[in-house]
Ligand SMILES: [Zn+2]
């Protein structure tokens, strides 16, 4: 008699167990499908602050929420100069656009910046400023900052000796002055300040009153293998995580379409994270890339082929 009840009870429990498994399975599938939809729509679940773990991939793969994404060589790039500012200070971002002006890309950058009511800093090459002075006037009249980025951007000539270096800085400065009536004393070294392998280069800039700015977040848009808009967005968002003072490096020429396409999304992301957009000027605290201990100044390679005027490589 008890055996009969026991059998019925066991059967009921078994059916209940099967039913529970079915319900759980359905719920899990729905959750997975929702996440799939979110990821393909480029949403960032649980993205509440700049320091959040990234939970999506721009390449469409699915990742565990608790895992860091590490999908491409670009993602291996660490912020070059992690910010050490007060954790309680407000967050600020400087969009810097190098190597222009360019008749293809500069107007596109300016249009996006205007539409989003954001000001940027253009570090421009003297030889290109000479060719496109109207673009420089437009950059200035629309409230963006202008910086000196040498005259030739040719590493071999620029860094060959201090005379060349000083001549290029002064020449670009005079060209900028002739167009906008002033010449802001901010400088970005082509390839970054570690390329200024002789302390005399720094001394020249100090004597001329220049502040030197590198960057701590890069779009990595000079990758010779090419780069997509989504990769640029990913690089910038990933490298900016946890940094309160971000200086973003992008490039202004017709071969860097990915950065132009990415800019609206990048601006939207920084706004969402609560960053203020500022421009670099003489009053801004300089930011320098720290030279690796393993690469002393004397060993810095000056590569003839890094920059060609028509191919616009380098930084
Ligand atoms: Zn450059």
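Collect the residues in segment 199-222 that are more than 13 Å from the chain's Cα centre (by Cα) and part of a loop (DSSP other than H, G, I, E, B), keeping them in residue-number order.
Start the filter on segment 199-222 by keeping residues that are more than 13 Å from the chain's Cα centre (by Cα), which leaves 199-213.
Answer for segment 199-222, where residues must be more than 13 Å from the chain's Cα centre (by Cα) and part of a loop (DSSP other than H, G, I, E, B): 208, 209, 210.
Restricting attention to segment 129-186, the residues that are assigned to a helix (DSSP H, G or I) and within 26 Å of residue 117 (Cβ to Cβ) add up to 13. Scanning segment 153-187 for residues that are within 16 Å of the ligand (Cβ to nearest atom), touching a residue at least 12 places away in the same chain (Cβ under 8 Å) and over 20 Å from residue 137 (Cα atoms) yields a count of 8.
Here, each number is a calculation from the coordinates, and none is a lab measurement. In this text, all values refer to a predicted model and were calculated from it rather than measured experimentally. Cβ: placed from backbone, ideal geometry, glycine included. Neighbour counts: every protein chain shown.
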